[in-house]
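The values are calculated or read from the model by the stated rules, or taken from the named source; none is laboratory data. None of these values were measured; they are calculated from a predicted model. Neighbour counts are summed over all protein chains in view; Cβ atoms, including those assigned to glycine, are modelled from backbone coordinates with ideal geometry.
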Amino acid sequence: MANEQIGLLGRKLGMTQIFDEAGVVSAVTILEVQANTVVQVKTTATKDGYAALQLGYGSRKESRVTKAALGPTNKVGARPFRLIREIRVSDAAAATYTAGQQIAVSSVFAVKQKVDVVGNSKGRGFAGVFKRWNFSGFKRSHGVHEYYRHGGSIGTRLTPGMTFKGVKMPGRMGGKQKTIQNLVIVRIDEERNLVFVRGGVPGPDGSYIVIRAAVKGKTPRRRK
């Protein structure tokens, strides 16, 4: 049975479409989730004061890693990791893992399971209100000059005499951590360490992601 406590690190490869047994086509995102290495196990009984698993993913040249980053790698006797992240778990789940252990995707997730995928969205740079907030613009009739793509009023007059926080204005777009919830795993390719999830995942192709069990995956029954 799939473990609902832990998440794994992976990489987004891109999107495609697959057909099920009934011939229904689904748009899916392909995630490469190679075996994660447990770098460190943290529990509430240790000095850390919380339960978590520190996971390592991928590998890179030792010459391109600082000595400080080599410390966790040397403890488990592995090559320098491309990515190291912490996954919060319960004490009971943390007790089942040891440092240096390899975690395969098939031991954590299963087909038809709902998962949440965390990634960084594509950075769009400095964008105006049309692109950033989907504004429709001002009218283009007579008497309107150079005001077609403006954002309009951003504040009040004398009282309170300031611009409130959260006003939709031009600024940096994208490049932020996003979580897509309740994506369904359609297929798992254990030989190639691939996970196919229905729907889109934030970030460009080749970016790193975290896949974990869905927080809102189970809908509670209504009381009669």
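Just a few scattered comments:
- Checking each residue in the range 1-54 for being touching a Pro at 6+ places or on another chain (Cβ under 9 Å) and of a type in the set (Lys, Arg) picks out only Lys12.
- Number of the exception - Val25 against (1) exposed (fewer than 15 other Cβ atoms within 10 Å of the Cβ); (2) at pLDDT 90 or above; (3) of a type in the set (Val, Ile, Thr); (4) over 23 Å from Val184 (Cα atoms): (4)
Yes/no matrix, rows are residues, columns are (1) within 28 Å of Thr46 (Cα to Cα); (2) surrounded by 15 or more Cβ atoms within 10 Å (Cβ to Cβ):
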| residue | (1), (2) |
| --- | --- |
| Ser63 | no, no |
| Thr66 | yes, no |
| Thr73 | yes, yes |
| Arg85 | yes, yes |
| Arg88 | yes, yes |
| Asp91 | yes, no |
| Ala99 | yes, yes |
| Gln102 | yes, no |
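- Restricting attention to the range 185-201, the residues that are within 16 Å of Leu8 (Cα to Cα) and of a type outside the set (Phe, Trp, Tyr) add up to 10.
- Sole residue being among the charged types (D, E, K, R) and in contact (Cβ under 8 Å) with a residue 24 or more places away in the chain, chosen from Lys47, Lys67, Lys42: Lys42
Let's see how each residue does on (1) of a type in the set (Gly, Ala, Ser); (2) assigned to a loop (DSSP other than H, G, I, E, B); (3) without any contact (Cβ under 8 Å) to a residue 24 or more places away in the chain; (4) over 30 Å from Val39 (Cα atoms):
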| residue | (1), (2), (3), (4) |
| --- | --- |
| Phe81 | no, yes, no, no |
| Val111 | no, yes, no, no |
| Val115 | no, no, no, no |
| Lys122 | no, yes, no, no |
| Arg132 | no, no, no, yes |
| Arg149 | no, yes, yes, yes |
| Met162 | no, yes, yes, yes |
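- Taken over the range 50-64, the criterion of being part of a loop (DSSP other than H, G, I, E, B), touching a residue at least 40 places away in the same chain (Cβ under 8 Å) and at negative phi is satisfied by Ala51 alone.
- If you go through the range 84-109 and pick out every residue that is over 19 Å from Ile188 (Cα atoms) and part of a strand (DSSP E or B), you end up with 5.
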